[in-house]
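*Asks:* Sending over a structure as structure tokens; questions will come in a sec.
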Amino acid sequence: MRRPALVVAGVLALAIAGFVLLLATSETGRSSSVNFEIVGKVAPPLSGETLAGEQFDLFEERGNWVVINFFASWCVGCRVEHPELVTFADRHEDDNVKLVAVMFGDTEERAIEFFAELGGEWPALVEDTGSIHIDYGVTGVPETLLVAPSGRVIRKWVGSSGVTADELDAAIETASGGDGD
Amino acid sequence: MNVALGDASVVIAFTASVIASIALLVALRTGDAQLRRSGIRVAWLVVIGSIVSFVMLERALITRDFTTRFVFENGSSRTPALYNFSTAWAALEGTIVLWGLVLGGYLAVVLTKFRDRVADPLVTWAIVVMLAVCTFFFALMLGPADPFQRVTLPADFIDGPGPNPLLQNHPLMAAHPPLLYLGYVGFTVPFAFAVAALVTGRVGEGWLVETRRWTLFAWGFLTLGIVAGAWWSYDVLGWGGYWGWDPVENVSFLPWLTGTAYLHSVMIQERRGMLRVWNLSLLCSTFALTILGTFITRSGVLESVHAFSEGAVGPLFLGFFGFVSAVVIGLIAWRGDRLRAPGRIDSPLSREGAFLANNLVFAMFAFVILLGTVFPLIVEALRDERISVGVPYFERMTMPVGMVMLFLMAVAPVLPWRKASGELLRKRLEWPAWMGIAAMVLAVLLGGRGLTPMIAFGLAGFAGGAALRQIALATRRSGWRGLVGRTNGGMIVHLGVILVAVAFAASNSYLRQSEFTLEQGESVVFADMNLRFDGLEIDDRPEKIVTAALIDIDGETLRPAINQFVVGITIGTPDTAGSFTRDTQVALIALPDSSSVVIRVTVQPLISWLWIGGVLVAVGTVFSAFPHRLHRRPIDPVSAPAGAVEEPLRS
Amino acid sequence: MTEPVNKHDSASTGSRSPFAAQWRWLSWALMAIAGVAVLIIAASGDTGPSTDGERVAQLAGTIRCPQCRGQSVAESDVTIAREIRADIRERVASGQSDDEIRQIYIDRFGRSVVLTPDAGGFTGLVWIVPVVAAAFGVAAVGLALHRWRGDGAQTVQATEADRALVSELRKQRGS
């Protein structure tokens, strides 16, 4: 009966060793909530009334580059990236690169205060944004998407400190094949 | 002073455990009795160190000594007294100190109880193993999990943050970790004796049987700890959940499963000297799984509401787990030839057969839970995909296992040793079976439907009948003594488990939950009840603002609330109307911003029986520890020594 | 061959009268009929959700909250969880099936947003492996038992001499 016992012990030892290896090499503290499902797909419908009282519809922006920024006033990263977005909006005031913000988990008053404090005049959607969050697979803030003139989402940024104006510009450059604009 | 003494006590405990182990090991080799006695004396220093370190930590907390790192990070002058005391185990470093205290306590009891038998190498080895475990934990306290570092307070320091508000809102949360630790750490003692038995090769002398009462004690507390955790979850979380198949819950359940299997299986070893490998494996697995559980809770490898990941400690626990597993497998493989049983199982239809089946079922149960819990990691490692394995998987997989367990609970107590006949079974199981049918009929008459819960009720009635039959026979024969002792206490524990199983099946199958938005004065009908929103109540307290919604349910007012803590965290507190038949829990989903509230209503039957069953299990465990008879009868069977030959009957 | 007398039984193996044996069979037969009847009644009933709101809650229990650590959308009250619940409510009201609704979230949040693992592909292993392991365990135990039996576990048969001895002793004791 010695041999079977050794075999069983050996198999068990190998299984546990494999198990320990698996646990040792698994990432810790990662958030499995972030997803990139939207990248590569056609941007879902995004429309509504902005803070300024106008109507915004993503479909009408076909032919333009659109940067969609999901934000909230309580989000530290959003505050950090906001000046960058202001810079970016200024750079592209008159060309075919547009910026639109969508609120996530916040109130209209606080959004108005947020923009008043940090500046920025691009359209911001604050009401009934639930279906937009779901359609775009947004799970937290800040999240920023780049939509090509064709209407396809080509890039998504998530990260506690948000995006910079240069990152956005570089992405547009690369995606348009270095032709600029 | 707290820091200095605390640090000193940890250093003393660590060095003492190292020195004592070395001394005892050398004494084992050379047989030097003097050295052995010295080693034991030094081991007592470990006990003292563990007590002093805990006392110093509590002293720092109670006196709000913010120059101590742990208090700086977790204490607050606003925390009420009870929760301030329990803040000691509200964060990692403190829980390791608590573990050290409990370990020191168990070590003290071992040193006292076995002081006359230290000359026996097996006892010495057991103490060495316990000291080795102490070394690991005190090393953690010296290094990555040190609560006693000194902190210079910044100039504008006002107050500490206090423990997580979720840990401050229910007294059971204060009790939950100590109860769990009394359980987990308690398994170290029988584990130490198991390893000692393997090392010395004396696996046939019933050493595992002697430590059975220790295992029972630890198991009882582990059960209480798990039930306390479930009860707390139910009272504070807001969706009527008490068990979420969350990774941390699952891994805390695994040692309970192997421990329960061990408690049953060791009876076979006691009576017939069999299943030694099973028993050693189960016992050592129980200890190893407690270490694995701590790793998973602390490492953040698996996402969980309970997991508070702290960088450096995780890998150390994983390493310890790997080490323990390697040592145990090696020892059992080495001593395999001595573990062969002298007897055989004559028939599968016997108590031995039932307990062997029991071991298999529990092992499968533990395997399924472990597989489901770590499977996302496996898929991520091998396929680079992210998947989730959640409640629907565990419910579907564990349900058949639970049914089989209920069936075994019914049949095993009436099975005789060695061999049973069909006629005997039919006779003994008759009225338990009638109880099973009666349970199902009762459920149907009360309106219950659904095949799965009905089968569960039937099997539960069946098992309950078998347990009651055993108790009835015992009390008829021995009066009140028929309630104590291993078998009878065990039957009471079974009854408790059966109550929990019935409550679990009923509350899961017949759960009704929905969300409602109500204006002031508006009412809605749900689950045969009338719910009406009567208005808000706002309470401004020093540590939090409490916004409660007054919900009237058929005359009774519930106050689900949202607590906004000064430190910036917002937590909801549900309110529950409970009875013996069903519980209604209402939770406020968000701070009301207009005149309406959004509430979640959960109605579940038989929830109270979960807690009643849990208490009954504890009572049964206590009864089980009392001896049934004061003196062993001469004709009671004893463990067959290894290698004994059974003499044929002679006239 | 007499059955082993278990000391927990005050009566030994039960009376041998044919009436008792018949009654026992009748009793078990009645039990079987009652049991089957009850199970049929139970199976015919419906324990599913009875209102739309309950269906929403039940469906929400199978979808993971993307912003949380392991909770379902039914349990969590964070922004995205509440939005998904509202979305589910709309879809349930518009008549979509449970599977359709789940697929919509998979498309948007990835496969990990559903708490039930796939039954096919590599993930299907999590369903199959336990069953295989259980079968393997039962087979191993069965094999071990069979080998023990075949190994000549000798059951000592009572011989005539033994029976004579026993009746002799009983007579002496006057029982």
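*Asks:* When you go through B:Leu429, B:Leu408, B:Leu415 one by one, which is the residue that is in contact with a helix residue (DSSP H, G or I) (Cβ under 8 Å, 6 or more places away or on another chain) and more than 10 Å from chain C (Cβ to nearest Cβ)?
*Replies:* Just a single option satisfies the conditions, and that option is B:Leu408.
*Asks:* Residue pairs, Cβ under 6 Å, 6 or more apart or interchain, first in the stretch A:154-181 and closer than 15 Å to A:Val80 by Cβ and in a strand (DSSP E or B), second among the hydrophobic types (A, V, I, L, M, F, W, C) and modelled with pLDDT under 90. List them.
*Replies:* A:Trp157/A:Val163; A:Val158/A:Val34
*Asks:* A further question on this structure: If you go through the stretch B:44-78, how many residues are over 27 Å from the mean Cα position of the chain (by Cα) and crowded, with 24+ Cβ neighbours inside 10 Å?
*Replies:* Selection size over the stretch B:44-78: 6.
*Asks:* Can you tell me which residues in the stretch C:21-77 are in contact with a Phe, Trp or Tyr (Cβ under 7 Å, 6 or more places away or on another chain) and part of a helix (DSSP H, G or I)?
*Replies:* Of everything in the stretch C:21-77, just one residue is in contact with a Phe, Trp or Tyr (Cβ under 7 Å, 6 or more places away or on another chain) and part of a helix (DSSP H, G or I), namely C:Met31.
*Asks:* Does B:Gly482 qualify as being within 21 Å of B:Val619 (Cα to Cα), crowded, with 18+ Cβ neighbours inside 10 Å and in contact with a Phe, Trp or Tyr (Cβ under 9 Å, 6 or more places away or on another chain)?
*Replies:* Criteria not met by B:Gly482.
*Asks:* Exactly one condition in (1) over 14 Å from A:Ser73 (Cα atoms); (2) more than 12 Å from chain C (Cβ to nearest Cβ) is not met by A:Ile132; state its number.
*Replies:* Looking at each condition in turn, A:Ile132 falls short on (2).
*Asks:* For the subset of the stretch C:28-54 comprising residues that are among the β-branched types (Val, Ile, Thr) and more than 7 Å from every other protein chain (Cβ to nearest Cβ), which member is farthest from B:Arg512 (Cα to Cα)? Spell out the reasoning first.
*Replies:* Taking the stretch C:28-54 first, the residues among the β-branched types (Val, Ile, Thr) are C:33, C:36, C:38, C:40-41, C:47, C:51.
If we keep only those that are more than 7 Å from every other protein chain (Cβ to nearest Cβ) as well, we get C:33, C:36, C:40.
Details: C:Ile33: 32, C:Val36: 27, C:Ile40: 23 Å.
Checking each candidate, the answer is C:Ile33.
Okay, residues lined up against (1) more than 9 Å from chain A (Cβ to nearest Cβ); (2) buried (at least 19 other Cβ atoms within 10 Å of the Cβ):
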{"position": "B:Phe295", "(1), (2)": "no, yes"}
{"position": "B:Arg298", "(1), (2)": "yes, yes"}
{"position": "B:Ala312", "(1), (2)": "yes, no"}
{"position": "B:Leu318", "(1), (2)": "no, yes"}
{"position": "B:Phe323", "(1), (2)": "yes, no"}
{"position": "B:Leu339", "(1), (2)": "no, yes"}
{"position": "B:Ile345", "(1), (2)": "yes, yes"}
{"position": "B:Leu349", "(1), (2)": "yes, no"}
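*Asks:* Can you name every one of the strands (runs of 3 or more DSSP E) wholly within the stretch B:484-565 that holds 1 or more residues which are over 30 Å from C:Asp46 (Cβ atoms) and touching a Leu at 6+ places or on another chain (Cβ under 8 Å)?
*Replies:* Of the strands (runs of 3 or more DSSP E) lying wholly inside the stretch B:484-565, those with at least 1 residues that are over 30 Å from C:Asp46 (Cβ atoms) and touching a Leu at 6+ places or on another chain (Cβ under 8 Å) span B:529-540, B:544-553, B:556-558, B:561-565.
*Asks:* Here is a list: B:Leu382, B:Leu445. Which entry is assigned by TED's automatic domain parsing to the domain that holds B:Gly343, surrounded by fewer than 18 Cβ atoms within 10 Å (Cβ to Cβ) and aliphatic (A, V, I, L, M)?
*Replies:* Checking each option against the conditions leaves just B:Leu382.
*Asks:* Sticking with this structure for a sec: Could you go through the stretch B:368-389 and let me know if any residue there is in contact with a strand residue (DSSP E or B) (Cβ under 9 Å, 6 or more places away or on another chain) and either assigned to a loop (DSSP other than H, G, I, E, B) or away from chain C (no Cβ under 14 Å) (or both). Let's see the steps before the verdict.
*Replies:* Step one: filter the stretch B:368-389 for residues in contact with a strand residue (DSSP E or B) (Cβ under 9 Å, 6 or more places away or on another chain), giving B:387-388.
Checking the rest, the ones that are also either assigned to a loop (DSSP other than H, G, I, E, B) or away from chain C (no Cβ under 14 Å) (or both) come to B:387-388.
Yes, there is a match, as at least one residue in the stretch B:368-389 is in contact with a strand residue (DSSP E or B) (Cβ under 9 Å, 6 or more places away or on another chain) and either assigned to a loop (DSSP other than H, G, I, E, B) or away from chain C (no Cβ under 14 Å) (or both).
*Asks:* Give me the residue from the stretch A:87-118 that is surrounded by fewer than 18 Cβ atoms within 10 Å (Cβ to Cβ) and closer than 15 Å to A:Gly162 by Cβ and, out of that set, nearest to the other protein chains (Cβ to nearest Cβ). Step through it out loud before you land on a result.
*Replies:* The initial filter retains those residues of the stretch A:87-118 that are surrounded by fewer than 18 Cβ atoms within 10 Å (Cβ to Cβ), namely A:87, A:90-91, A:93-96, A:107-110, A:112-113, A:116-118.
Checking which are closer than 15 Å to A:Gly162 by Cβ leaves us with A:87, A:118.
Details: A:Thr87: 28, A:Leu118: 21 Å.
Ranking the candidates gives A:Leu118 first.
*Asks:* Another question about this same structure. Residue under question is A:Asn69, and the condition is that it be crowded, with 20+ Cβ neighbours inside 10 Å and at pLDDT 90 or above; does it hold?
*Replies:* yes
*Asks:* Could you please tell me which pairs satisfy a Cβ distance under 6 Å, a separation of 6+ or placement on different chains, a first residue in the stretch B:579-593 that is under 30 Å from B:Ile612 (Cβ atoms), and a second residue that is among the small types (Gly, Ala, Ser)?
*Replies:* Going by the 6 Å Cβ cut-off, the qualifying pairs are B:Phe580/B:Ser608; B:Thr584/B:Ala577; B:Gln585/B:Gly240; B:Ala587/B:Gly238; B:Ala587/B:Gly572; B:Leu588/B:Ala549; B:Leu588/B:Gly572.
For every residue, the table says whether it meets (1) farther than 21 Å from C:Val114 by Cβ; (2) without any contact (Cβ under 8 Å) to a residue 12 or more places away in the chain; (3) touching a Lys or Arg at 6+ places or on another chain (Cβ under 9 Å); (4) not hydrophobic (A, V, I, L, M, F, W, C).
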residue: C:Trp28; (1), (2), (3), (4): yes, yes, yes, no
residue: C:Ala43; (1), (2), (3), (4): yes, yes, yes, no
residue: C:Thr62; (1), (2), (3), (4): no, no, yes, yes
residue: C:Cys65; (1), (2), (3), (4): no, no, no, no
residue: C:Ala74; (1), (2), (3), (4): no, no, yes, no
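*Asks:* For the condition over 21 Å from B:Gly186 (Cα atoms), within 27 Å of the chain's Cα centre (by Cα) and not in a loop (DSSP other than H, G, I, E, B), what is the one hit in B:Thr95, B:Thr87? Break it down into steps so the answer makes sense when it comes.
*Replies:* Values: B:Thr95 fails: over 21 Å from B:Gly186 (Cα atoms).
So the residue among B:Thr95, B:Thr87 that is over 21 Å from B:Gly186 (Cα atoms), within 27 Å of the chain's Cα centre (by Cα) and not in a loop (DSSP other than H, G, I, E, B) is B:Thr87.
*Asks:* Inspect the stretch B:83-97 for any residue being of a type in the set (D, E, K, R) and crowded, with 18+ Cβ neighbours inside 10 Å and give the result as yes or no.
*Replies:* Yes: one or more hits.
*Asks:* Among the residues of the stretch B:351-360, count how many are facing chain C (nearest Cβ under 9 Å), touching a helix residue (DSSP H, G or I) at 6+ places or on another chain (Cβ under 7 Å) and closer than 21 Å to B:Leu429 by Cβ.
*Replies:* Summing the residues that are facing chain C (nearest Cβ under 9 Å), touching a helix residue (DSSP H, G or I) at 6+ places or on another chain (Cβ under 7 Å) and closer than 21 Å to B:Leu429 by Cβ in the stretch B:351-360 gives 2.
*Asks:* Only one of (1) modelled with pLDDT under 90; (2) crowded, with 20+ Cβ neighbours inside 10 Å; (3) among the aliphatic types (A, V, I, L, M) is not met by B:Met141, so which one is it?
*Replies:* (1)
*Asks:* Then there is this: Within the stretch C:78-102, track down each residue that is closer than 21 Å to A:Phe36 by Cβ and not in a helix (DSSP H, G or I).
*Replies:* If the condition is that a residue be closer than 21 Å to A:Phe36 by Cβ and not in a helix (DSSP H, G or I), then C:Val78 is the only one that fits.
*Asks:* Test B:Gly293 against the stated conditions and say whether it is within 25 Å of B:Leu499 (Cβ to Cβ) and not in a loop (DSSP other than H, G, I, E, B).
*Replies:* It is false that B:Gly293 is within 25 Å of B:Leu499 (Cβ to Cβ) and not in a loop (DSSP other than H, G, I, E, B).
*Asks:* Now for a different question. Residue check: is A:Glu117 over 19 Å from the mean Cα position of the chain (by Cα) and under 18 Å from A:Gly48 (Cα atoms)?
*Replies:* Numbers: over 19 Å from the mean Cα position of the chain (by Cα): yes; under 18 Å from A:Gly48 (Cα atoms): no.
Against the criterion (over 19 Å from the mean Cα position of the chain (by Cα) and under 18 Å from A:Gly48 (Cα atoms)), A:Glu117 does not qualify.
*Asks:* Hey, could you check the stretch B:103-121 for residues that are crowded, with 23+ Cβ neighbours inside 10 Å and of a type in the set (A, V, I, L, M, F, W, C) and say which is nearest to B:Ser21 (Cα to Cα)?
*Replies:* Only one residue tops the list, namely B:Leu107.
*Asks:* Filter the stretch B:197-243 down to residues that are within 14 Å of chain C (Cβ to nearest Cβ) and assigned to a helix (DSSP H, G or I) and give me whichever is surrounded by the most Cβ atoms within 10 Å (Cβ to Cβ).
*Replies:* Top of the filtered list is B:Tyr234.
*Asks:* Filter the stretch C:79-113 down to the residues that are within 27 Å of B:Ile599 (Cβ to Cβ), at the interface with chain B (Cβ under 10 Å from one of its Cβ atoms) and surrounded by fewer than 21 Cβ atoms within 10 Å (Cβ to Cβ) and list them by number.
*Replies:* C:Arg82, C:Ala86, C:Arg89
*Asks:* Report whether or not B:Ile562 is within 24 Å of B:Gln604 (Cα to Cα), surrounded by 15 or more Cβ atoms within 10 Å (Cβ to Cβ) and either modelled with pLDDT under 90 or assigned by TED's automatic domain parsing to the domain that holds B:Val619 (or both). Give the steps one after another, and end with the answer.
*Replies:* On the way: within 24 Å of B:Gln604 (Cα to Cα): yes; surrounded by 15 or more Cβ atoms within 10 Å (Cβ to Cβ): yes; either modelled with pLDDT under 90 or assigned by TED's automatic domain parsing to the domain that holds B:Val619 (or both): no.
Judged against the criteria, B:Ile562 is not a match.
*Asks:* Please find, within the stretch A:27-42, the residue that is modelled with the highest pLDDT out of those that are over 13 Å from the mean Cα position of the chain (by Cα) and at the interface with chain B (Cβ under 9 Å from one of its Cβ atoms).
*Replies:* Taking the candidates together, the pick is A:Glu27.
The values are calculated or read from the model by the stated rules, or taken from the named source; none is laboratory data. The shown structure was predicted, so the numbers you read here are calculated from the model rather than taken from an experiment. Reconstructed Cβ throughout: ideal geometry from the backbone, glycine too, with neighbour counts over all protein chains shown.
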